[in-house]
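Reading through the structure tokens given below for one structure.
Read the figures in this text as sums done on the coordinates, not as results from a lab. A quick note: this is a predicted structure, and the numbers were derived from the prediction, not measured. Neighbour counts are summed over all protein chains in view; Cβ atoms, including those assigned to glycine, are modelled from backbone coordinates with ideal geometry.
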Amino acid sequence: MVLVDSSVWIDLLRNQSTPQTAVLRKLLEDNAAALAPVVYQEILQGAASAERLIKLRKYFSTLPFLLPTHPIKTYEKAAELYAHCRFRGYTPRSPHDCLIARIAIEHNVRLLHDDRNFDTLASIEPKLKLFVATKKQTDK
């Protein structure tokens, strides 16, 4: 299973051809792509119309979800990650990214993304494993 960030889902929805969307297509074929609830929220809130919102909800609600493992501690750990970044002179662009990173860590899965914010988070939190899309993977 691979947790997929909204940055990749949005590129896929926009029919962008990137190494990450190529990997995502393969993950979908293999039933190996997962969402976090906050990623689901980010996707839905980007809907351009009521009809599109319904279509997005219908499709994405059928995919596997990786839930926070604890109703409070998960958020505490995400906040700690955000704070540790700030202590090192980097302010993450979104606290949601820290939560997504934390959920990936808790489930011991790699995170597929197209957002350099996660590269910085991974440099600060070594438990965060990123799925790096390579040319070889996209040629399959």
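General observations
- Single condition LEU111 does not satisfy, out of (1) in contact (Cβ under 8 Å) with a residue 40 or more places away in the chain; (2) assigned to a helix (DSSP H, G or I): (2)
- When the stretch 44-72 is filtered for residues that are aliphatic (A, V, I, L, M) and buried (at least 18 other Cβ atoms within 10 Å of the Cβ), the ones remaining, listed by number, are LEU56, LEU66.
- Looking across TYR75, TYR90, TYR59, one residue alone is more than 18 Å from LEU3 (Cβ to Cβ) and of a type in the set (Ser, Thr, Tyr). It is TYR90.
- Residues located in the stretch 13-65, provided they are over 24 Å from ARG102 (Cα atoms) and among the polar types (S, T, N, Q): ASN15, GLN16, SER17, THR18, SER49
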